[in-house]
Structures are given as structure tokens and as C-alpha cells.
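Derivation of every value follows stated rules applied to the coordinates shown; laboratory data play no part. It should be emphasised that the depicted structure is a prediction, and the values quoted were computed from it without experimental measurement. Note that we place each Cβ from the backbone using ideal geometry, even for glycine, and neighbour counts take in every protein chain shown.
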Amino acid sequence: MTAFLHAVRVFFDDLASVGWGFLILALALHFTRLLLRGVAWRTILQASYPGHRIPFLTVFGAYVVGVGINSIAPARAGDLVKLYLVKQRMPYASYATLAPTLIMETLFDFFVAGGLMIWVLTIGVLPTHEVYSRLPSVDWGFFVRHDEATAIGILIALAAGTIAFIVFLEKGTAFRERLMRGFAILHQPKRLLVGVILPQAASWVLRIAALFYFLKAFHVRATLHNALLAQVVDSLSTLFPATPGGAGTKQGLIVFLFQGEAISKSLLLAFSVGANIAIVVFNVVVGAIALYLMARTLSWKRLRAAQAEEQAT
């Protein structure tokens with residue numbers, strides 16, 4: 001967080017020099033990207049419930065609410081609210097079906113992000129050991145020192161898992177059907193390509209374009225190469241979302257990845273925190289508007305309470 005706080009100070013020092021025209025253009029591209037993501041998710045939901053018409057505004061509203069909450073809350077808490085809001089407008093739906101649709105909505109992202117990681121490792125900007133060093137590590141010493149308790153714990157976990165799996169196979173037919181319905185889009189290749197992959201591919205193009213204009217707004221040399229590097233920073237910083245938007249991690253990573261680009265550290269930090277603040281504020285404002293229109297409240301506690309009450313009934 002020290003890097004993040006330092007970057008905030010640098011950003012406010014350089015605030016007067018921001019290219020506001022480029023900043024607005026970048027945010028417009030970002031909003032268009034969200035629209036395309038909404039189109040893709042609606043296609044997935046429609047494939048899961050072919051007998052019902054699912055309004056686009058319902059899906060898009062829930063999507064941007066989730067994006068807004070994820071911008072300020074760690075561990076992707078917005079996804080739960082996203083599902084809750086869609087479920088409220090789709091009373092015939094079940095969470096067992098809706099949850100897998102989020103997996104399908106991010107499946108293409110996994111391959112694109114993986115391709116970007118392979119690219120950045122290939123060009124030598126981010127050596128492999130640097131990637132591994134940023135992954136969470138576990139101290140296994142405790143388990144070695146308490147080997148008997150560890151063995152008992154593993155046996156209990158395996159037994160519980162085996163019992164749960166057997167019960168699922170014997171009595172979970174209805175649940176399995178609801179679960180697999182969420183993956184229905186996989187059985188419709190043409191619809192998957194036209195309604196999901198193409199909009200998501202276009203959203204990735206807009207994502208890179210938005211970063212390109214964010215670079216211009218903060219006077220960092222704007223090239224396709226640098227925009228792709230900035231995207232890799234975003235992907236790495238949110239790989240393990242312990243902080244909202246990867247704050248802190250993102251600032252450290254961008255300085256590291258751009259070290260061979262002959263760009264001053266102050267400019268990089270101003271770009272990193274400035275783009276982050278602009279996107280977070282934009283996401284929160286748009287998400288708040290959508291949340292109020294859909295739920296008539298901006299209270300996170302009320303939503304959580306309503307969701308808990310619904311799941312209990």
C-alpha cells in the first residue's frame with residue numbers, strides 16, 4: 001500500500017496536466033466495453049432459459065452493479081450482488097444455474113489473459129520467477145510438525161468429500177440438471193461464437209484501446225505495446241484480489257514491467273493511480289445508478305439481508 005499512497009500523491013501533483021479529452025474518450029470506450037460484456041452474459045443466460053425473454057437492461061444493470069462493487073470491495077463481492085439482482089428479475093431462475101453462467105462469461109477471458117501472459121513472458125519483460133514470486137505462498141511447516149493431526153484431518157476431509165459425492169450422485173439429479181443448464185451455451189456453437197465470443201473479443205479490443213487513451217491522458221508514451229503491458233499489469237494485480245482493484249500491487253508491477261521503456265517513474269505512477277481512480281469512480285457511479293433503479297436502495301446491508309432471507313426460504 002506504500003506504493004499506492006505514494007502514487008496518489010504523484011497523481012494529485014500532476015493533476016493539472018491531465019489530458020481530459022483523452023480521459024473522457026477512454027471512459028467512453030470502457031463503458032462501451034461494459035455494454036458488450038452485458039450482451040455476452042445475456043446470450044449465456046438466454047441459452048440457459050430459452051423459454052423466457054430476458055431483458056437486456058436487467059442483465060446490463062446487474063452486471064454494472066457487480067463491476068461497481070468489485071471496484072471497491074475485495075474478493076469479487078460484487079458477483080454475489082450481480083446474481084441476486086438477476087434472480088430478482090428472473091424468479092423462475094435458480095442460483096445453481098445462474099452461478100455457472102458467470103463461469104461461462106469469463107471463460108474467454110481466461111484464454112486471452114493466458115495469451116497475454118505467454119506474450120509477456122516470451123518477450124522477457126516479466127521473467128517466470130517474478131510471476132511465481134507474486135503468488136501467495138503457504139508455510140507447510142505447521143503441517144509437518146503436527147503430522148498425526150494433519151493425517152487425521154486429511155482422512156476426515158476425504159471421507160466427507162466421498163460421502164458428499166455419493167449423495168450428489170444418488171440424490172442430486174435435480175441439482176445436477178440445474179447446474180448443467182448454466183453451461184447450455186456450450187451446446188450451441190454458433191450462438192456461442194456470435195453472441196458470446198465475438199462481443200467479448202470486441203470488448204478486449206476496447207479494453208486495450210481505453211488503456212491506450214489513458215496512457216495519452218497521463219502523457220505516457222502511448223503505443224499498442226505499452227497498452228498491452230498495462231493490461232498485463234491489470235491482469236496480474238487482480239489475479240488474487242486481496243485489495244479493491246489490486247491497489248498497491250498494480251503500482252509496484254507497472255514500474256517493474258515498464259522498466260525498459262525509458263519512462264519516468266512519476267509518470268507511470270500518475271498514470272497507474274489516475275486511470276485506476278477514474279475507472280473506479282466511473283464504475284461506482286454507474287453501478288450506484290443501476291443499483292438504485294433496480295433495487296430502489298443503495299444500502300449494501302439491505303441487499304445482503306434480503307439475499308440471506310431469500311436463500312433461507
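A Förster radius of 51 Å combined with the Cβ-Cβ distance from residue 53 to residue 157 puts the calculated FRET efficiency at roughly 0.70. Fewest neighbouring Cβ atoms within 10 Å first, the residues 282, 31, 165 line up as 165, 31, 282.
Given R0 = 25 Å, the distance between the Cβ atoms of residue 198 and residue 72 translates into a calculated FRET efficiency of 0.20.
What the Cβ-Cβ distance of residue 187 and residue 96 gives, at R0 = 22 Å and to the nearest 0.05, is a FRET efficiency of 0.80. What distance in nm separates the two pseudo spin-label positions at residue 106 and residue 302, each 7 Å out from Cα along the beta-carbon direction? Computed distance between label sites residue 106 and residue 302 equals 2.9 nm. Ranked from largest, the principal axis spans of the Cα set of the stretch 37-124 equal 51, 29, 22 Å.
Mean sequence separation of contacting Cα pairs (under 8 Å, at least six apart), scaled by the length of the stretch 22-132, corresponds to a relative contact order of 20 percent.
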